[in-house]
1. Just give me the residues in the range 273-295 being touching a Leu at 6+ places or on another chain (Cβ under 9 Å) and assigned to a loop (DSSP other than H, G, I, E, B), in sequence order.
2. From the list Thr215, Thr151, exactly one residue is without any contact (Cβ under 8 Å) to a residue 60 or more places away in the chain, in contact with a Ser or Thr (Cβ under 7 Å, 6 or more places away or on another chain), surrounded by fewer than 20 Cβ atoms within 10 Å (Cβ to Cβ) and on the phi < 0 side of the Ramachandran plot. Which is it?
3. Would you mind listing the strands (runs of 3 or more DSSP E) fully within the range 156-258 where at least 3 residues are out of contact with any Gly (no Cβ under 9 Å at 6 or more places or on another chain) and not assigned by TED's automatic domain parsing to the domain that holds Phe294?
4. Being within 22 Å of Ser114 (Cα to Cα), among the β-branched types (Val, Ile, Thr) and assigned by TED's automatic domain parsing to the domain that holds Met161 narrows it down to one residue among Val13, Val20, Val55; which is it?
5. Regarding the range 301-313, can at least one residue be identified that is buried (at least 22 other Cβ atoms within 10 Å of the Cβ) and under 27 Å from the mean Cα position of the chain (by Cα)?
6. Within the range 253-279, can you find the residues that are polar (S, T, N, Q) and surrounded by 20 or more Cβ atoms within 10 Å (Cβ to Cβ)?
7. Can you tell me which residue within the range 77-133, out of those that are assigned to a helix (DSSP H, G or I) and small (Gly, Ala, Ser), is farthest from Gly50 (Cα to Cα)?
8. So which pairs qualify, if the first residue must be in the range 301-323 and in contact (Cβ under 8 Å) with a residue 60 or more places away in the chain, the second must be assigned to a loop (DSSP other than H, G, I, E, B), the Cβ gap must be under 6 Å, and the two must be at least 6 apart or on different chains?
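The values are calculated or read from the model by the stated rules, or taken from the named source; none is laboratory data. Quick caveat, the model's predicted, so the values are computed rather than measured. With ideal geometry, Cβ positions are generated from the backbone for all residues, glycine too; neighbour counts draw on all protein chains shown.
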Amino acid sequence: MEIQNYSDVMVFVEQREGHVQKVSLELISKGREIADELGARLKAAVLTAGLTHPVHSLIELGCDEVILVEHPILEPYTTEPYTKALTEVIRAHKPEIVLFGATTIGRDLAPRVSSRLDTGLTADCTKLEVDLESRNLLMTRPAFGGNIMATIICPNHRPQMSTVRPGVMQMAEPVIGRIGVCRNFEIAFSPEDQHVEVLEVVKASKKKVNIEDATILISGGRGIGSPEAFPILESLADKLGGTVSASRAAVDAGWIDRNHQVGQTGKTVRPDLYIACGISGAIQHLAGMEESEFIVAINKDEGAPIFDAADLSIVGDVHKIIPELIRILPELGNRNAQ
């Protein structure tokens with residue numbers, strides 16, 4: 001493979017029902033950073049049946065070029081049409097780096113595209129850097145159950161492809177009025193390109209929990225003792241205007257739904273305030289919340305690893321501390337008001 005023929009950075013912009021997903025906006029910000037280091041252009045590949053998100057906002061966030069593929073077959077998402085379309089876009093533009101969100105769609109699409117392009121793929125990355133001398137993308141992800149962080153390169157093939165976990169990269173502020181171009185890319189789809197037809201989409205009626213967007217998280221672990229303790233955490237969350245989350249141990253025990261899980265095998269979060277209740281602080285959990293702005297840890301074990309990551313450590317019983325905190329919060333609010 002003549003890797004010198006490949007240049008620029010491309011982000012697959014994931015959309016659902018015309019709405020661009022937040023992880024794609026995070027990746028555009030990171031892609032802009034990487035492109036600037038390499039002296040390259042940043043391109044966004046948008047596959048849609050009709051985009052409601054304004055294209056110019058992608059340019060203002062950092063894209064030099066938006067490649068738009070529009071066709072009715074692209075809504076809702078099915079594997080084969082998306083694989084064909086994105087593969088053709090990449091072959092035509094020859095980017096040296098392609099980034100995907102590590103979502104259900106990204107995890108389905110990226111390996112199929114990489115296989116058709118005869119290149120590698122590093123999944124679930126938590127860090128991306130560039131070796132300027134070799135132009136290799138340094139893709140870091142947890143390995144061996146989260147006990148080590150492995151940095152992987154793809155030196156002999158292009159493009160270098162990676163899926164990145166939502167919430168890991170920070171979204172930059174848009175530059176209002178930034179100039180870029182949007183180009184339509186035509187794909188000749190045929191009936192053979194759609195092996196599966198979606199007849200109906202039935203959405204779950206239960207309230208969706210999106211802990212990745214929460215600014216305050218109250219998180220419970222094995223140390224809270226039982227599922228009956230979560231209503232207490234919910235009371236604190238209500239007082240603070242936050243959301244309840246959990247460690248893998250609490251989820252595996254069946255105490256709370258998996259949508260609430262923080263950690264390597266759950267979701268990566270970056271709230272302004274993270275209160276860890278009865279969480280020991282295994283490396284797998286820390287990988288998902290250590291970038292929080294302010295971390296409060298409550299644990300009876302004064303040697304718990306979570307205290308090493310905490311800004312404020314409280315050694316004690318969560319069943320005594322949380323109710324007391326709920327009790328005094330109104331008093332603290334009144335003092336601040338005065």
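1. Across the range 273-295, the qualifying residues are Ser292, Glu293.
2. Among Thr215, Thr151, only Thr151 is without any contact (Cβ under 8 Å) to a residue 60 or more places away in the chain, in contact with a Ser or Thr (Cβ under 7 Å, 6 or more places away or on another chain), surrounded by fewer than 20 Cβ atoms within 10 Å (Cβ to Cβ) and on the phi < 0 side of the Ramachandran plot.
3. Qualifying strands (runs of 3 or more DSSP E): 181-184.
4. Result: Val13 is the single residue among Val13, Val20, Val55 that is within 22 Å of Ser114 (Cα to Cα), among the β-branched types (Val, Ile, Thr) and assigned by TED's automatic domain parsing to the domain that holds Met161.
5. yes
6. Across the range 253-279, the qualifying residues are Gln261, Gln264, Thr268.
7. Ser115
8. So the pair list comes out as Val318/Gly278.
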